[in-house]
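The values are calculated or read from the model by the stated rules, or taken from the named source; none is laboratory data. Everything numeric here is computed off the predicted structure, so don't read it as measured data. Cβ coordinates were reconstructed from backbone atoms using ideal geometry, including for glycine residues, and neighbour counts include every protein chain displayed. Side chains included, ligands, DNA and RNA excluded: accessible areas come from the protein's heavy atoms. Shrake-Rupley method; radii C 1.70, N 1.55, O 1.52, S 1.80 Å.
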Protein chains: 2
Amino acid sequence: MYKAPVEEIGFALNKVVGLEDALARGLHGELTPDLVDAILIEAGKFAEDEIAPLAETGDREGARLEDGAVTTPKGWAGLYTRWREAGWNALTGPEAHGGQGLPTALSAAVTEMWNSASMGFAIGPTLTIGAVDALETHGSQALKSIYLDKLVSGEWMGTMNLTEPGAGSDLSGLRTRAERREDGTYRLFGQKIFITYGEHDWTGNIVHLVLARLPDAPAGVKGISLFLVPKFLVKDDGSLGARNDVKCHSIEHKMGIHGSPTCTMIYGDGTGETGEAGAVGWLIGEENRGLACMFTMMNSARLYVGIQGLGVAEAAFQKALDYARERRQGRSTLLAKTPERAGEVSAIIEHPDVARMLLTMKALTGAARAIAYACGHAIDLGRVHEGEEARRWSERASLLTPLAKAFPTDVGVEVASLGIQVHGGMGYIEETGAARLLRDARIAPIYEGTNGIQAIDLVMRKLPLSDGGAVSAYIEELSAVAEEVRASNSPAFGASAEALAEALADLREATGVLLDRLRGKETDAALAGATAYLRLFSLTAGAVYLAKGGLAEPAREDRIALARFAAENLLTEVTGLKRQVLAGAAGLDAARRALN
Amino acid sequence: MYKAPVEEIGFALNKVVGLEDALARGLHGELTPDLVDAILIEAGKFAEDEIAPLAETGDREGARLEDGAVTTPKGWAGLYTRWREAGWNALTGPEAHGGQGLPTALSAAVTEMWNSASMGFAIGPTLTIGAVDALETHGSQALKSIYLDKLVSGEWMGTMNLTEPGAGSDLSGLRTRAERREDGTYRLFGQKIFITYGEHDWTGNIVHLVLARLPDAPAGVKGISLFLVPKFLVKDDGSLGARNDVKCHSIEHKMGIHGSPTCTMIYGDGTGETGEAGAVGWLIGEENRGLACMFTMMNSARLYVGIQGLGVAEAAFQKALDYARERRQGRSTLLAKTPERAGEVSAIIEHPDVARMLLTMKALTGAARAIAYACGHAIDLGRVHEGEEARRWSERASLLTPLAKAFPTDVGVEVASLGIQVHGGMGYIEETGAARLLRDARIAPIYEGTNGIQAIDLVMRKLPLSDGGAVSAYIEELSAVAEEVRASNSPAFGASAEALAEALADLREATGVLLDRLRGKETDAALAGATAYLRLFSLTAGAVYLAKGGLAEPAREDRIALARFAAENLLTEVTGLKRQVLAGAAGLDAARRALN
């Protein structure tokens, strides 16, 4: 069963990405290290005691749709109520609306635990965070006063309605229609697909944020507006009124996250109780500026998806480690060298190949954690600072966002798959639970912008920030850590210093080449190696963070050992990745013939 | 829908691994290239028209157990009957018993198509091949005359019963008990788990091959015997008699291959109709020599599991390619450079990242195919030759077996996962079928010896063959192909020649280091890098085979383009893998602290 790694999480937050330091400098107001610890401990308990026990039944039962109503698995609605009543939904919300205004980095850490316990459950509330962000930043005072308190407390939940059958990664093909009414409201008509928790039995109302197009809107993404469409209209006294003209038409039969309803939503087919066709909606922000509103929450939404991958990876590692310590099979060379253990059978963790798999899992998970938390921390510092400092941290957050989305979600799949392998035949049996983790994890590299799109974002939009200054400043920070490792002269780090320096040199070279290509408008060449570059970047940054963790507490041999493993093993990929980046578009273009 | 790649398969068989040449030299008797083609074409039709249409319903319905009887999905029993009546089960069986005695390489090729169409269906008959092999090689004349004809025709099916709760990868803990009876038969008592198609509704009788231990047997693997235990005893006239004391106790709820019943079998609990407790069994081979009998069929059994991974990879590639050609989203740089296509939206195959994924899928699949077929071809030539030539080919088969099992099964998982990614959100929806391929593929790296065990086998038992002569002869053959690429001076090969030469140098260096470690009894150091070595070896060999395919028909630009992509991209992994091999055990041993 999942055991929340509260100490590791606190360590990563405080010592590796720098929360402790920010607290000491008073950047987070009254928040103290003790309070951070207390929150992590309480979250860990809730994840272990309340969420984790309902994960497997949630997967087995799945969400069901009947007569337009979605029933989530047995116990999940009650679980959600306990969860929000314990205050967890309000963690990051604005204090003016009952939120605790705590840092995103802390929220990311806590969210990791929800996802380790049950990704299918945990992704529900994530959407509400996005809705709160959008409403707080772009919503009218009237909308805020009606919706924000309840969204912050979690009494109502939010959804994000972007995708349509013809508009996924590219929203320019969006067709959902919004018509103006004289009272300033709008009526929406259209179909949205893949809407996570679009309908459910957790809350009395559901607040849909919907992208739609006005009749006179410009073509493409510059003609998209954002609307708030509640499931039930809200009366002046705050009580629920007529059922709006929006309904869940069907839910998907998915590979994983079975407890999470993925809905096709129909807006405006005349089945509401409002007396007219069209879902009643209110504009958020300005007309035709909907995409800008979406971008407001993009950084944190992408981070929270990254956290899903991280959470599953941690759960998969723990499960595999437990199994490998207990399962006995064969005699390892370790055992063969120990005469007093003559008759024994080895725990499979003693076999080199199993140890290698577990270490890979742990190192990848640790690297993904540091990158994700560092992104959250950068988002926070971009908000608490002002002026140049704020700009610098916001750029850091922008730079890290594609890494924080793509790398941990790839790691989630990779680690969950290794977890099955460690279990051998038992891993393939659903009751073991290892297979569920892979099935759950597999969506995260896809939604909220596929990882291929994250790589494009990294290369095309993030490398050019401050004309390359943002990325080079970050690489120099990483290099300073590598230099500290070298200067430590600690034998326990093995060949880490050389491996880190080499990977950083590769990162620098690949970055320089990509920036040159961008300046030269060689877009094809820049894009051809984007995915390889994202992984190169992430592995290097992740290994540096693990090394930083090793330096921070020299007495913790386990952390140094893990950092060494990461540097000596994970980073062996890097030179090959750099070669892929450098190869550019010529090879890929030539190779296209093979697909004809 | 799956389209059997008959031309590619025939090309790989004939031109890449050398079947054509063997036929020309008369090594396969009357078999002609035309007959090979005809068999491939017919198999392709059967796979496309008969098997593939039942794959999805098979996954959805799964196998069911009721009152000890297993029902396979609707239509599967009839499908099996049509399949065996068309003669497909008898392809490789001995001619003396109604088989066609065709080469293993050809059988592997045909089996790829069954697995592409439905892995859950295809794995059933594979077990019968193993049973025929064991019985033919080690069975008494009496047993052969009763069982072989029917197993060869497929009227009855065979199973392999090895695993027990305490005995998986390591069979020394085996506890199933066999007692001698005065009439020369035995009675078996015990439980076997993970028995593929241990019970089903396809055939009137099921012939279980069961490993068990005699009361006076030596401890460990030297005290294991192999028995034949039929579901129904066979009367002297060949008709079915009493139900034997063996039953299916439960079937597993698995991640994939849902149509394939994975059974827990109980032997000897007194529920048969034989009048006494104990499943009636007959010895195959000699007492306490059961493991040797199992090893007889190990090479081909492992190859056929590799073929499962290959088959799924091919199916996943095709599905993703079809989708990427049809799905339109965004505007690629390709499109942006073509003014006459101003208003168009790109098919996603035009996006560099999607093209890269598809090329990776195709290159990995092609590499896996060549390695698997080469292994089958080596098995064949080991049989048809005599003396030194036979020894040389048998060693080649032994050397290639761990590669042919592990690499294609890893590729199956990797390619199926990429296939989901190419589909975006649709890939996660079960109805699309891409998710099923990953769920199905995920077992293949585990069973029939985990891929970690294949790596150990490669390093510990295969590298030492002929004191390293077997592996070095193979590497020299591969190097000759790389040299041909260089000598061709063909610009279409890009930097393939250099990339291949570099990878081969890395393979040679890693091999030399491992052989030195084995000679120096540094087992830990040899094992620590075994998995990395297996992948290094496979990628290199696979890329060489693709290059050989490119050389064989210079007019086929698509093949050269794929070979170039493989050499320039897949092989970028190799140097990093070599470093992992060279690192040895020190790093791994130090890193173990991280797991404490």
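Return yes when A:ASP133 is out of contact with any strand residue (DSSP E or B) (no Cβ under 8 Å at 6 or more places or on another chain), closer than 15 Å to A:GLU448 by Cβ, within 14 Å of chain B (Cβ to nearest Cβ) and acidic (Asp, Glu) and no when it is not.
So A:ASP133 does not fit the description; no.
Inside region A:558-572, residues that are over 11 Å from A:ALA543 (Cα atoms) and within 7 Å of chain B (Cβ to nearest Cβ) make up a count of 3. Within region A:315-343, residues that are over 11 Å from A:MET1 (Cα atoms) and open to solvent by 60 Å² or more (accessible area, probe 1.4 Å) reach partners that are β-branched (Val, Ile, Thr) and not in a helix (DSSP H, G or I) with beta carbons closer than 6 Å, at six or more positions or on different chains, in the pairs A:ARG328/A:VAL345.
Candidates A:ASN161, A:ASN115: the one that is at pLDDT 95 or above and either of a type outside the set (S, T, N, Q) or over 30 Å from A:ALA435 (Cβ atoms) (or both) is A:ASN161.
I want to confirm something. Restricting to region B:430-449 and keeping residues that are open to solvent by less than 10 Å² (accessible area, probe 1.4 Å) and over 18 Å from the mean Cα position of the chain (by Cα), which single residue is farthest from the other protein chains (Cβ to nearest Cβ)? If we take residues in region B:430-449 being open to solvent by less than 10 Å² (accessible area, probe 1.4 Å) and over 18 Å from the mean Cα position of the chain (by Cα), then B:GLY433 is farthest from the other protein chains (Cβ to nearest Cβ).
The listed residues are A:GLY238, A:GLY272, and the only one of them that is more than 32 Å from the chain's Cα centre (by Cα), closer than 25 Å to A:TYR80 by Cα and small (Gly, Ala, Ser) turns out to be A:GLY238.
No other residue among A:ARG508, A:ARG535 is under 28 Å from the mean Cα position of the chain (by Cα), open to solvent by 10 Å² or more (accessible area, probe 1.4 Å), within 14 Å of another protein chain (Cβ to nearest Cβ) and among the basic types (Lys, Arg) apart from A:ARG535.
Exactly one residue out of A:ALA552, A:ALA566 is small (Gly, Ala, Ser), open to solvent by less than 10 Å² (accessible area, probe 1.4 Å) and touching a residue at least 24 places away in the same chain (Cβ under 8 Å): that is A:ALA566.
Going through B:VAL354, B:VAL280 one at a time, which residue ends up being of a type in the set (Val, Ile, Thr) and within 14 Å of chain A (Cβ to nearest Cβ)?
B:VAL354
Residues in region B:387-394: is at least one assigned to a helix (DSSP H, G or I) and either farther than 26 Å from B:PHE537 by Cβ or within 14 Å of chain A (Cβ to nearest Cβ) (or both)? Yes, that holds for at least one residue. Only residues that are under 22 Å from A:THR511 (Cα atoms) and either at pLDDT below 95 or under 18 Å from the mean Cα position of the chain (by Cα) (or both) were counted in region A:538-553, giving 4.
Restricting A:PHE232, A:PHE227 to residues that are away from chain B (no Cβ under 14 Å), open to solvent by 20 Å² or more (accessible area, probe 1.4 Å), touching a strand residue (DSSP E or B) at 6+ places or on another chain (Cβ under 7 Å) and among the aromatic types (Phe, Trp, Tyr) narrows the list to A:PHE232.
Kindly provide the set of residues from region A:92-109 that are of a type in the set (A, V, I, L, M, F, W, C) and open to solvent by less than 10 Å² (accessible area, probe 1.4 Å), ordered by number.
A:ALA105, A:LEU106, A:ALA108, A:ALA109, listed by residue number.
Does A:LEU35 meet the test of being out of contact with any Phe, Trp or Tyr (no Cβ under 8 Å at 6 or more places or on another chain) and open to solvent by less than 10 Å² (accessible area, probe 1.4 Å)?
Values: out of contact with any Phe, Trp or Tyr (no Cβ under 8 Å at 6 or more places or on another chain): yes; open to solvent by less than 10 Å² (accessible area, probe 1.4 Å): no.
Taking the combined requirement at face value, the residue does not satisfy it.
I'd like the full set of residues that are within 14 Å of chain B (Cβ to nearest Cβ), on the phi < 0 side of the Ramachandran plot and in contact (Cβ under 8 Å) with a residue 12 or more places away in the chain, limited to region A:481-496. The answer is A:SER490, A:ALA492, A:PHE493, A:ALA495, A:SER496. I'd like to know if region B:323-341 contains one or more residues that are within 14 Å of chain A (Cβ to nearest Cβ) and under 25 Å from the mean Cα position of the chain (by Cα). No, that holds for no residue. Scanning region B:154-170 for residues that are within 22 Å of the chain's Cα centre (by Cα), more than 10 Å from every other protein chain (Cβ to nearest Cβ) and open to solvent by 20 Å² or more (accessible area, probe 1.4 Å) yields B:MET160, B:LEU162. Do you know which of the residues in region B:460-479 that are open to solvent by 10 Å² or more (accessible area, probe 1.4 Å) and aliphatic (A, V, I, L, M) is nearest to B:TYR533 (Cα to Cα)? Among those that are open to solvent by 10 Å² or more (accessible area, probe 1.4 Å) and aliphatic (A, V, I, L, M), it is B:MET460.
Kindly provide the set of residues from region B:511-532 that are without any contact (Cβ under 8 Å) to a residue 60 or more places away in the chain and either more than 14 Å from chain A (Cβ to nearest Cβ) or assigned to a helix (DSSP H, G or I) (or both), ordered by number. Hits for region B:511-532 are B:THR511, B:GLY512, B:LEU515, B:ASP516, B:LEU518, B:ARG519, B:ALA532. For first residues located in region B:251-272 and closer than 19 Å to A:ASP59 by Cβ, partners that are of a type in the set (A, V, I, L, M, F, W, C) and surrounded by fewer than 22 Cβ atoms within 10 Å (Cβ to Cβ) and lie 6+ apart or on another chain with Cβ distances below 7 Å form the pairs B:GLU252/A:ILE429; B:HIS253/A:ILE429; B:LYS254/A:ILE429.
Say whether the condition of being open to solvent by 30 Å² or more (accessible area, probe 1.4 Å) and under 26 Å from A:TRP393 (Cα atoms) is met by at least one residue in region A:44-55. No, region A:44-55 has no match at all.
The single condition among (1) assigned to a helix (DSSP H, G or I); (2) β-branched (Val, Ile, Thr); (3) open to solvent by 30 Å² or more (accessible area, probe 1.4 Å); (4) in contact with a Ser or Thr (Cβ under 6 Å, 6 or more places away or on another chain) that B:THR81 does not satisfy is (4).
Out of all the residues in region A:536-549, is one or more without any contact (Cβ under 8 Å) to a residue 40 or more places away in the chain and of a type outside the set (A, V, I, L, M, F, W, C)? Explain how you work it out, then say what you get.
The first filter runs over region A:536-549 and keeps only residues without any contact (Cβ under 8 Å) to a residue 40 or more places away in the chain, leaving none.
Within region A:536-549, not a single residue is without any contact (Cβ under 8 Å) to a residue 40 or more places away in the chain and of a type outside the set (A, V, I, L, M, F, W, C).
Can you pull out every residue in region A:192-220 that is more than 26 Å from the chain's Cα centre (by Cα) and over 20 Å from A:VAL234 (Cβ atoms)? Residues satisfying the conditions are A:ARG213, A:LEU214, A:PRO215, A:ASP216, A:ALA217, A:PRO218, A:ALA219, A:GLY220.
For residues that are β-branched (Val, Ile, Thr) and surrounded by 24 or more Cβ atoms within 10 Å (Cβ to Cβ), scanning just region B:573-593, find the one that is nearest to the other protein chains (Cβ to nearest Cβ).
So in region B:573-593, the residues β-branched (Val, Ile, Thr) come out as B:574-575, B:581.
Within this subset, residues satisfying the condition of being surrounded by 24 or more Cβ atoms within 10 Å (Cβ to Cβ) are B:574, B:581.
Values: B:VAL574: 7, B:VAL581: 10 Å.
Once the filter is applied, the top-ranked residue is B:VAL574.
Screening B:GLU314 with (1) more than 14 Å from chain A (Cβ to nearest Cβ); (2) more than 30 Å from B:ARG439 (Cβ to Cβ) gives one miss only, at (2). Scanning region B:481-498 for residues that are open to solvent by less than 90 Å² (accessible area, probe 1.4 Å) and in a loop (DSSP other than H, G, I, E, B) gives B:SER490, B:GLY494, B:ALA495. Annotation: of all residues in region B:450-480 being under 23 Å from the mean Cα position of the chain (by Cα) and not in a helix (DSSP H, G or I), the one that is farthest from the other protein chains (Cβ to nearest Cβ) is B:LEU463.
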